[in-house]
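Here the structure comes first, spelled out in structure tokens, and everything after it is commentary.
Since every read-out is calculated from the coordinates, none of them should be taken as a lab result. Just so it is clear, the structure is predicted and the values come from calculations on it, not from any experiment. We place every Cβ from the backbone using ideal geometry, glycine too, and count neighbours over all the protein chains shown.
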Amino acid sequence: MSRIYAIEYRYVTDHDEEMAEVRPSHRAFNSALADKDLLLAAGPYTGTHDALIVVRAEDAAGALALVEEDPFNRAGFIAERVPREWNPVVGRLS
């Protein structure tokens, strides 16, 4: 049974121009996961260099494995990825 994991991305802060070049492929990667119903939501925290990615996976290792090939990760733009199992009890994801 899959669970829901919230993965916080903490981006490096000194690659804004390079990240802008890779962003279309990063978003296409996320869209492909969403099309498979593995990615439920993704987006940056406003005013920060951090983002939240919400995925379906069996465990934390599986959640990280889903986003391992993210173009931002492959390019070295993610300083840290923190997965946390999340238990939504109200709303569309519950």
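Looking across the range 28-57 at every residue that is of a type outside the set (A, V, I, L, M, F, W, C) and surrounded by 14 or more Cβ atoms within 10 Å (Cβ to Cβ), the one that is farthest from the chain's Cα centre (by Cα) is identified as His49.
Quickly run through the range 64-94 and pick out the residues that are among the small types (Gly, Ala, Ser) and within 21 Å of Val12 (Cβ to Cβ).
The first filter runs over the range 64-94 and keeps only residues among the small types (Gly, Ala, Ser), leaving 65, 75-76, 79, 91, 94.
The answer is Ala75, Gly76, Ala79.
Quick one: in the range 29-55, of everything that is in contact (Cβ under 8 Å) with a residue 40 or more places away in the chain and of a type in the set (A, V, I, L, M, F, W, C), which residue is farthest from Gly76 (Cα to Cα)? The extreme case among them is Leu40.
Regarding the range 59-69, can at least one residue be identified that is in contact (Cβ under 8 Å) with a residue 40 or more places away in the chain, more than 14 Å from Glu85 (Cα to Cα), within 15 Å of the chain's Cα centre (by Cα) and loosely packed, with under 12 Cβ neighbours inside 10 Å? Yes, the range 59-69 contains a residue that is in contact (Cβ under 8 Å) with a residue 40 or more places away in the chain, more than 14 Å from Glu85 (Cα to Cα), within 15 Å of the chain's Cα centre (by Cα) and loosely packed, with under 12 Cβ neighbours inside 10 Å.
Entry remark, the range 70-94: residues being of a type in the set (Gly, Ala, Ser) and either more than 25 Å from Met19 (Cα to Cα) or surrounded by 16 or more Cβ atoms within 10 Å (Cβ to Cβ) (or both) number 3 in total.
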